[in-house]
Each structure stands twice: as C-alpha cells, then as structure tokens.
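Asks: Got a structure for you, written out below as structure tokens; questions coming shortly.
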Amino acid sequence: MWWSRLSQPNLHSWSEQDKPLRLQELHKEKDDAEPKALACYGMLTATSGQMSLRFVAGRPVSSVTIDFLQWLCEQVHAQGKQVLLLIWDNASWHVSKQVKTWLREHNQAVQQETQMGKTGVRIIPCWLPVKSPWLNRIEPKWVHGKRAIVEPTRLLTASELKQRVCDYFGCALLEPLGVA
C-alpha cells in the first residue's frame, strides 16, 4: 500500500451557505528530501480485525516482500499458529518469480521441519483475480485509513505520516523493511 504525502484521498465536505470551503493543493518544496509517498505491507487478522504493518525503506520489491513474509511467519508462530492464509492481489512484488520460489522453498522447509518434530508456519497463498479489490478484506481498511490520517492544510513529514497510520490502525511503528 502506498501512503502519499501529497495526494489527498477522495473526501466529501460541506460548508455553510455563503461561506465557501477553501481547498488547498499540497506542494513539495524543492529542498524537501523526504519521499512523496511511503510504501507499507500490511496483514489483517481475520478473527480479531487487528492490523500489522511494516513500512518499506524505498520501493516494495521482491526481496522486501520476502522479508515481510519472514516477519509475518515469526508473528504468526508467536501466536501459536502453524498456517498463514495469505490473500494477495496481483501486485508485481507479490507475484514475482523470486517470491513464488521463496514461498515454495519455505513451505518445503517447514514440511521437513514438521517431520523432525519442529514447528513452523506454512504459507498458503490465495491469489485474487486482477482488479478485484472488493474481494480483499484489507482494502476498505486502507481506504478508511487514508481518509482518517489526512491533513488537508499542510504537508505531513514522512515520520508524521507513518506515526498517524500506525496510530490509526493501533499497531507499533517498527523499523522499516529493506534497511541494510
């Protein structure tokens, strides 16, 4: 998911008669070194509705996706679970050959560990059809989150944006993925 510092989500507003509402278009200053948008990965736990997020340092590429999946497995394992049903859209970093290979190898390793008496977390990916966000239960959460954290009168810093997102979803602001 991309969180923009500049683009505003679709919002509706009302104003009193003869008192027009002032709308501002946000601009990034030339000396502003912060990114225009921040990427993050998220998991919605179906049973509790709890969101778990990890922001990305840079772009969401295959290697960062794998880092996120490894982190998710740790989180799910800590909850005593052994299977993670992963419902994903067809973003290029979700369906890349590198990610699919990692998923296959990860599940094979977990199966071997299980035979030796150890526990791990298998990942069962469920690939959604192209352009079908209504099938993914996390999509409405993203939309509502974008509307809730917006600051129409000023440009948020990257750290403010991350903190607002995490505050809205009630999750900890963790170290970004992709930091070497």
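Just so you know, all these numbers are worked out from the coordinates, no wet-lab data involved. If you're wondering where the values come from, they're calculated on a predicted model, not measured in any experiment. Methodologically, a virtual Cβ is constructed for each residue, glycine included, from the backbone with ideal geometry; neighbour enumeration extends over all protein chains shown.
Asks: Condition first: more than 16 Å from the chain's Cα centre (by Cα) and surrounded by 11 or more Cβ atoms within 10 Å (Cβ to Cβ). Can you find one or more residues in the range 129-137 that meet it?
Replies: Scanning the range 129-137 turns up at least one residue that is more than 16 Å from the chain's Cα centre (by Cα) and surrounded by 11 or more Cβ atoms within 10 Å (Cβ to Cβ).
Asks: Would you mind stating whether Gly117 is at positive phi and more than 20 Å from the chain's Cα centre (by Cα)?
Replies: yes
Asks: Restricting attention to the range 54-68, which residues are of a type in the set (A, V, I, L, M) and crowded, with 19+ Cβ neighbours inside 10 Å?
Replies: Scanning the range 54-68 gives Val56, Val64, Ile66.
Asks: Looking only at the range 73-111, filter to residues that are within 16 Å of the chain's Cα centre (by Cα) and free of Cβ contacts under 8 Å to residues at least 40 places away in the same chain; which one of those is nearest to Lys131 (Cα to Cα)?
Replies: Out of the qualifying residues, it is Ala91.
Asks: Then there's this: Part of a loop (DSSP other than H, G, I, E, B) and out of contact with any strand residue (DSSP E or B) (no Cβ under 7 Å at 6 or more places or on another chain): does that describe Pro129?
Replies: Spelling it out, Pro129 is indeed part of a loop (DSSP other than H, G, I, E, B) and out of contact with any strand residue (DSSP E or B) (no Cβ under 7 Å at 6 or more places or on another chain).
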